[in-house]
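The values are calculated or read from the model by the stated rules, or taken from the named source; none is laboratory data. None of the values given here were measured: they were computed from a predicted structure. Here the Cβ is made from the backbone with ideal geometry for all residues, glycine too, and neighbour counts use every protein chain on show.
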Amino acid sequence: MSSLTTPVLELKDVSIAYDTASLPVPAVSHVNLTLERDSIVGLVGESGSGKSTLANGIMRLLKGRARLAGGQILVDGRDVYQMDAKTLRQFRWNSMAMVFQSAMTVLNPVMTVEQQMMDVFLAHRRGLSRQEARQRSLELLDMVRIARKYARSYPHELSGGMKQRIVIAIALALEPSLVIMDEPTTALDVVVQRSILTQIQELQKERHFAILFISHDFSLVAELASRVAIMYAGRLVEVTESRGLHVGSPNHHPYTEGLMRAIPRLTPEDVDIEGIPGYPPNLRELPSGCAYHPRCPYAEPVCRAIRPEPSLIEGRLVACHRYDPEKGGEFIHVS
Ligand SMILES: Nc1ncnc2c1ncn2[C@@H]1O[C@H](COP(=O)(O)OP(=O)(O)OP(=O)(O)O)[C@@H](O)[C@H]1O
Ligand SMILES: [Mg+2]
């Protein structure tokens with residue numbers, strides 16, 4: 001099914017719930033998103049908005065009592081939830097790979113870097129000799145610019161940045177078409193973070209895989225990705241090109257506006273930070289209508305009553321009554 005025109009990732013009305021003793025928690029609700037080949041799409045949202053749940057869902061690695069509650073997830077045109085266990089095992093790493101949020105703890109502390117890299121090749125490339133697997137592992141180290149002498153090191157002998165580079169290298173080992181990176185650099189200091197991000201960008205340009213890049217750092221995502229999906233309380237409230245995303249650019253979801261304003265900016269006078277007042281809702285007790293209404297400066301009665309559906313506004317998908325032409329009389333249409 002896969003061809004050059006098949007999107008790398010298609011999320012069709014995806015919902016994921018955590019089953020609990022009481023009601024299921026709707027962590028992801030009715031998400032629609034497409035990732036084209038050779039592109040970087042960002043997924044942003046505050047803590048608890050459902051980003052990691054969605055990422056794990058795509059990989060079919062849902063943890064605990066989470067389950068796909070609705071919709072379809074296609075990677076390279078193939079339904080991830082229709083595969084048998086063996087096919088799925090091959091498909092992971094070969095076609096889709098993930099750098100986990102707690103990536104640095106993913107490395108096995110009692111195995112050398114080289115052993116861990118070789119294992120990926122030996123498990124997934126039948127017929128490969130140990131010697132060939134070792135050679136490929138060394139090439140992976142070259143790829144993320146780690147000197148080959150570290151091949152025999154154990155994870156605790158490496159810095160945080162080096163460990164993270166190794167985790168990224170392992171994800172790229174089998175040249176998947178989709179790589180999900182869930183907060184790949186959050187645990188690192190700013191300088192290391194910057195150099196790893198530059199490296200991710202370079203590798204992407206060279207190797208043409210697609211990245212779903214997850215972060216709560218809006219400015220970082222806007223810089224790295226060509227498109228950004230903004231998640232609030234389990235739903236995408238906006239999907240937009242990142243070009244032109246800046247404070248004052250019109251027709252964004254009020255939550256997107258809030259995130260943009262929350263970016264620290266150096267103005268001639270002083271540092272200017274404006275956070276979004278209030279907190280994201282508890283998913284077990286979502287506000288009626290639009291889940292963002294209690295924090296929204298533009299909230300109107302309809303926002304409390306009816307949940308807005310996404311509509312296309314100047315090439316972006318925005319789920320907000322403010323832009324609903326049918327409610328035009330009551331709302332300002334910023335243009
Ligand atoms: N094991 C669980 N059982 C029940 N609910 C859960 C469980 N894990 C997560 N959730 C719910 O799913 C929601 C989304 O969690 P998730 O980890 O996907 O958010 P996130 O956007 O990745 O946050 P962060 O930025 O902190 O990583 C949480 O707000 C929580 O309500
Ligand atoms: Mg997360």
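Here is the figure for the range 203-230: residues that are within 13 Å of ligand 1 (Cβ to nearest atom) and in contact with a Lys or Arg (Cβ under 7 Å, 6 or more places away or on another chain) total 1.
Any chance the range 78-95 includes a residue that's within 28 Å of Ile200 (Cα to Cα), within 15 Å of ligand 2 (Cβ to nearest atom), under 21 Å from the mean Cα position of the chain (by Cα) and not small (Gly, Ala, Ser)? For the range 78-95, residues within 28 Å of Ile200 (Cα to Cα), within 15 Å of ligand 2 (Cβ to nearest atom), under 21 Å from the mean Cα position of the chain (by Cα) and not small (Gly, Ala, Ser): absent.
Does Glu175 fit the bill of being at negative phi, acidic (Asp, Glu) and over 18 Å from the mean Cα position of the chain (by Cα)?
Answer is no for this residue.
Looking for something without any contact (Cβ under 8 Å) to a residue 12 or more places away in the chain, assigned by TED's automatic domain parsing to the domain that holds Glu36 and away from ligand 2 (no atom under 16 Å from the Cβ) - is there at least one such residue anywhere in the range 206-213? Yes, because at least one residue in the range 206-213 is without any contact (Cβ under 8 Å) to a residue 12 or more places away in the chain, assigned by TED's automatic domain parsing to the domain that holds Glu36 and away from ligand 2 (no atom under 16 Å from the Cβ).
The rows are residues; the columns are (1) hydrophobic (A, V, I, L, M, F, W, C); (2) touching a residue at least 60 places away in the same chain (Cβ under 8 Å); (3) within 16 Å of ligand 2 (Cβ to nearest atom).
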residue	(1), (2), (3)
His124	no, no, no
Gln131	no, no, no
Arg136	no, no, no
Ala147	yes, no, no
Gly161	no, no, no
Leu172	yes, yes, no
Ser177	no, yes, no
Asp182	no, yes, yes
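Scanning the range 71-112 for residues that are closer than 16 Å to Ala171 by Cα, of a type in the set (Val, Ile, Thr) and out of contact with any Asp or Glu (no Cβ under 9 Å at 6 or more places or on another chain) turns up Thr105, Val106.
Check off (1) in contact with a Ser or Thr (Cβ under 7 Å, 6 or more places away or on another chain); (2) crowded, with 24+ Cβ neighbours inside 10 Å; (3) at positive phi for His30 and give me the number that stays unchecked. Unmet condition: (2).
Tell me the strands (runs of 3 or more DSSP E) entirely within the range 1-110 that contain at least 2 residues that are away from ligand 1 (no atom under 15 Å from the Cβ), among the hydrophobic types (A, V, I, L, M, F, W, C) and in the same structural domain as Arg261 (by TED's automatic domain parsing). Steps first, answer last, please.
Numbers: elements: 9-18, 25-35, 40-44, 66-75, 96-99.
The strands (runs of 3 or more DSSP E) meeting that bar number zero.
Of the residues making up the range 41-50, not one is farther than 11 Å from Leu236 by Cβ, within 13 Å of ligand 2 (Cβ to nearest atom) and touching a Ser or Thr at 6+ places or on another chain (Cβ under 9 Å).
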